[in-house]
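Here the structure comes first, spelled out in structure tokens, and everything after it is commentary.
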């Protein structure tokens, strides 16, 4: 069975601080895919990144960066110099090879205080 | 990517009634899904909407409660039948343009409140 754990339920930071959102996953698949989605207060889910299990390179996109470590089954997400617009619920998700189904974590609510 | 719209965006309904939610995609996609997000919770897959055949439901969800239609490759509906307050949730449709292992794109969601 697949499982995604986001241990941080809520995080508050002051604007311009860096923040890391943790994601730990469990799977027996050798090929799998990891995702991060952002859900702002308006409710829609916004796709942020996809990473497959064979690519452990870290990814940076502007103020966002992702650290994928298979050794610890983690796929953490860091926001540098946070902004108020980053306030949202962030979901980590896991997909198996050949499967269309995503397993979502419970989400981390990030509040960036001006 | 894909542009997805949902109608209605929100609704308040009375117990015992039914609501049909529409999902429209701007391009043809094979795979379309319906999710439920209960207040403060994560997303749970309700079913896969199959074009030309019956939807495939996940454990805990049944066709009588959540009938789904998929008349073509750009449109689907989800009906929440005989509603109770426990059905108050955000309902989201999603599509998977790139096939298994690729990212799903989500609609804006329908916020349903059942009184």
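What follows draws every value from the coordinates through simple rules; no lab data is involved. In this text the structure is predicted, and so the values were computed from the model without any measurement. Don't worry about glycine lacking a Cβ; one is built from the backbone with ideal geometry, like all the others, and counts go over all protein chains shown.
Results for (1) away from chain B (no Cβ under 14 Å); (2) loosely packed, with under 15 Cβ neighbours inside 10 Å, shown as yes or no for each residue.
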site	(1), (2)
A:78	yes, no
A:84	yes, yes
A:94	no, no
A:102	no, no
A:108	no, no
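For segment A:32-69, a tally of residues being within 21 Å of residue B:1 (Cβ to Cβ), more than 15 Å from the chain's Cα centre (by Cα) and within 14 Å of chain B (Cβ to nearest Cβ) returns 4. Take residue A:114 and decide whether it is surrounded by fewer than 19 Cβ atoms within 10 Å (Cβ to Cβ) and closer than 21 Å to residue B:39 by Cα. Judged against the criteria, residue A:114 is not a match.
Filtered by the rule that a residue be crowded, with 20+ Cβ neighbours inside 10 Å and under 22 Å from residue A:13 (Cα atoms), segment A:62-76 gives A:66, A:75. The strands (runs of 3 or more DSSP E) located wholly in segment B:33-115 that include 1 or more residues which are touching a residue at least 60 places away in the same chain (Cβ under 8 Å) and under 12 Å from the mean Cα position of the chain (by Cα) occupy B:75-80, B:89-95, B:110-114. Just the residues that are surrounded by fewer than 18 Cβ atoms within 10 Å (Cβ to Cβ) and facing chain A (nearest Cβ under 10 Å), please, taken from segment B:75-107. Hits for segment B:75-107 are B:98, B:99, B:100, B:102.
Scanning segment B:3-30 for residues that are within 11 Å of chain A (Cβ to nearest Cβ) and buried (at least 19 other Cβ atoms within 10 Å of the Cβ) gives B:4, B:6. Scanning segment A:47-62 for residues that are over 12 Å from residue A:92 (Cα atoms) and either in contact with a helix residue (DSSP H, G or I) (Cβ under 8 Å, 6 or more places away or on another chain) or not in a loop (DSSP other than H, G, I, E, B) (or both) turns up A:52, A:53, A:56, A:59, A:60, A:61.
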